[in-house]
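Taken together, the values in this text are just the output of simple stated rules run on the coordinates, not laboratory data. As the structure is a prediction and not an experimental result, all values here were calculated from the model. We place every Cβ from the backbone using ideal geometry, glycine too, and count neighbours over all the protein chains shown.
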Amino acid sequence: MNGWKLTVVESYADMSRLAADIVQHSIEHRPGCAISLPTGETPRGMYQELVRRAQDGTIGWAHTRFFCLDDYLGRGKDDPFSLTGWLERTFLQPAKFPEGQTHLIPTTAANPHDAAIDYERQLASAGGLELIVLGLGANGHIGFNEPGSAIDSRTRVIDLTAESRESNAQYYEGDATIPGQAMSMGVGTILEARRIVLIVSGESKAGIVQRALEGPVGPDVPASFLQTVSAKLEVIIDHPAASRLGTSQQPRT
Ligand code: GLP
């Protein structure tokens, strides 16, 4: 089932440039399309590249719609933990992404369940996702779809595992207590995107990359569900993160 396109890059900068190229290509070829991009350390370089291109006029957002992938539950944009706040500071504001074209995942809604259903409706009215770029959690999560997430799961509230909370605590100074719940697009929501790009960097992810791309498909490693949509999956990864992929791998390059 290894039909996905694999690009093993020489450097983090190459990965970031390539991911930014795909974002640019998507929005230029599908004006007005909807995209979703991740938070975390992995996409920082991609955002720097996109901001640079937006500021020098190489890329324009026109009618592109941006849908947030995930965030901690109940945290407004100004909360220090807010991933949406991080996204605004890192990308949306410096890249001058039009505010009216941004769909924030409704983590602060009074009724998160109904709000999540409405978020899916907004996505459907925007024509579905043309492109989603994903990072990979240390335990194989995509978005915040933790182990146990079903292949057909939709945008919803999710209990975070101790492992994810611990691994995300490193991004905050001091004695950060990571919130216990998040809201995330579901695995099913993600798999419906017409183009899916997974970016991974660093040796610490080599084991989970191997399980996600070559291991059994199932909810223990939610990223393994990407194998079921391999024809539209592109993996951009550096050598250390790719180091455990088997030699039987026959990538489309
Ligand atoms: C975080 C986010 C994901 C992200 C992943 C990897 O918890 N919820 O959207 O892709 O974990 O993060 P990083 O790139 O920092 O390793």
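With the simple model of a label 7 Å out from the Cα in the direction of the Cβ, Thr58 to Asp152 spans 4.3 nm. Based on Cα contacts under 8 Å between residues 6+ apart, the stretch 93-199 shows a relative contact order of 33 percent. The HN-Hα couplings worked out from phi for the stretch 117-129 by the Karplus form 6.51 cos²θ - 1.76 cosθ + 1.60 (θ = phi - 60°) are 5, 5, 4, 5, 5, 4, 5, 5, 5, 7, x, x, 7 Hz, whole numbers, x standing for Gly and Pro. Considering only Ala162, Ala193, Ala182, the Gaussian network model of the chain with Cα springs below 10 Å gives its largest mean-square fluctuation to Ala162. Put simply, the Cα atoms of the chain extend 49, 42, 37 Å along their principal axes, the longest span coming first. Cα extents for the stretch 174-235 along the principal axes, largest to smallest and rounded to whole angstrom: 43, 28, 20. Charge tally around Ala138: other residues with Cβ under 10 Å, Lys/Arg +1 each, Asp/Glu -1 each, net -1.
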